[in-house]
Amino acid sequence: MRFGLLLLALFPFSSSDFSHVRLTLQPEGQPPSAELVRALEDRLDRLDVDGTVEITGERVVVDMPRVQEAERVRQLLTRSVSLELRLVRFPEAGGGSPSREAVLEHFGRQFPPELELMLGDVLNDEGLSTGKQYYAVERTALVTARDIRRASPSVGQFNDPIVMFSLTPDAGEAFGRATEANIGSGIAIILDGEVLSAPRIQSRITDEGIIEGGFTEMEARDLALLLGSGPLPARVTVVDQQVSEAVPDRRFWVAMTALAVFFLLFCAALVILFRRGGQPRPI
């Protein structure tokens, strides 16, 4: 029994699920900077991944000796998420319009230049897309990803995964004024150019809010990580990716040594017991 438990205890130390990943990144439009290095190091820390980030010439090299889910880590390291909160001008109370034509007709087919026509998914109760809906939103954002101070995954009132966020003091004050002046209007939550939802503003909103969008638990965790770490100071392109089998860490060798010692002691105890006829020596 103890032998079996020891084997189970060794399972987390197995190296079979780990990879050694080395990424070479090329910043777009500017040379590598210390700010970019710090941002990448922060994301590694939030991912709980050990690694180093170094500037090599005009590129940045990220070396991660032991990584699980290498592709997911690569995407989270290099993605610059775009989040915006914008006022909806049609439909006035939020929601969405079922057709582009309905939006254009509302404005007499003269679409105002200060507005932008945007798309979003219609989601069913399972969070799956069943079609598209249209929104006329202001081009100027009230909140962007740079205004977010903290973000964390959570669960909504219907047990669906959501992301909770809080704003910086300055952004929260400005957001409070804007929402107070637009009670009854819709506010579009826009992620990477698509409207996730457009709830109606019920009251003044200051420094906290939630993001809903039919997320899975993993998607909510990843979005919270990206928003909490803030956007990268420059977009990066992966120009080289090397993946190899990770070298087992020190804990693996310690555990294997402990297993070998235990096995030898166990065998020695069996030999002694059989030599005594299986009976303990009387005292």
Quiz item: For residue 35, are the conditions met, namely being closer than 23 Å to residue 222 by Cβ and at pLDDT 90 or above?
Solution: yes
Self-check item: All positions within the range 89-115 that are more than 27 Å from residue 219 (Cα to Cα) and not in a loop (DSSP other than H, G, I, E, B)
Solution: 89, 90, 100, 101, 102, 103, 104, 105, 106, 115
Exercise. Give the residues of the range 151-192 that are under 17 Å from residue 87 (Cβ atoms) and in a loop (DSSP other than H, G, I, E, B), sorted by residue number.
Key: 181, 182, 183, 184, 185
Quiz item: Between a first residue in the range 106-132 that is on the phi > 0 side of the Ramachandran plot and a second residue that is in a loop (DSSP other than H, G, I, E, B), which pairs have beta carbons less than 9 Å apart while being 6 or more apart in sequence or on different chains?
Solution: 127/160; 127/213; 127/214; 127/215; 127/216; 131/98
Practice problem: Could you identify the single residue in 156, 193, 172, 184 that is over 17 Å from the mean Cα position of the chain (by Cα), buried (at least 18 other Cβ atoms within 10 Å of the Cβ) and among the small types (Gly, Ala, Ser)? | Solution: 172
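The values are calculated or read from the model by the stated rules, or taken from the named source; none is laboratory data. Keep in mind it's a predicted model, so treat the numbers as computed, not measured. Every residue, glycine among them, receives a Cβ derived from its backbone with ideal geometry; neighbour counts consider all protein chains shown.
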